[in-house]
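Structure, as structure tokens:
The values are calculated or read from the model by the stated rules, or taken from the named source; none is laboratory data. Fair warning: this is a prediction, and the values are worked out from it, not measured in the lab. Cβ: placed from backbone, ideal geometry, glycine included. Neighbour counts: every protein chain shown. SASA here: full protein model, heavy atoms, side chains in, ligands and nucleic acids out. Shrake-Rupley method; radii C 1.70, N 1.55, O 1.52, S 1.80 Å.
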Amino acid sequence: MMFRSPARTPRPGCPHRRLRTLVARALPVGLALGESNFRPWASANFVGARHIFACALAAGADSAAAAALQSALNSAEWPLAGHIVADAVVEPESAGKALRIEILTVED
């Protein structure tokens, strides 16, 4: 009998590149997208991935930029074939000099 792990690597249609492009377009002025990565994610009912994006604050940008980014991500349309964005969160890092964006996608 063969068993499959629910935490298998994303299928070839993984939306990470497309998601990175969409996040870059949603960034307000004063923010720059840095490195990104993803890791497989699974629950009892869903399979997907957690996408993590580093985002640097430009000189003079403040915490209002983080709020603007969270608002932009919450209202964004995510055209990802075969995937749905389940959650998007913006968290401060490095004493307010950087932000981390985490987006959870699930397979449709």
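Things to note:
- Where labels lie 7 Å past Cα in the beta-carbon direction, separation of Glu107 and Phe46 in nm: 1.4
- Gain on full stretching of the segment that runs from Asn74 to Ala98 - 0.36 nm per residue minus C-alpha separation: 6.7 nm
- Solvent exposure of segment 33-108 amounts to 55 Å² per residue of accessible area, where only protein heavy atoms count and the probe is 1.4 Å.
- Taking the average, over residues, of other Cβ atoms within 10 Å as the packing measure, peptides 99-105, 31-37, 46-52 rank 99-105, 46-52, 31-37 from highest down.
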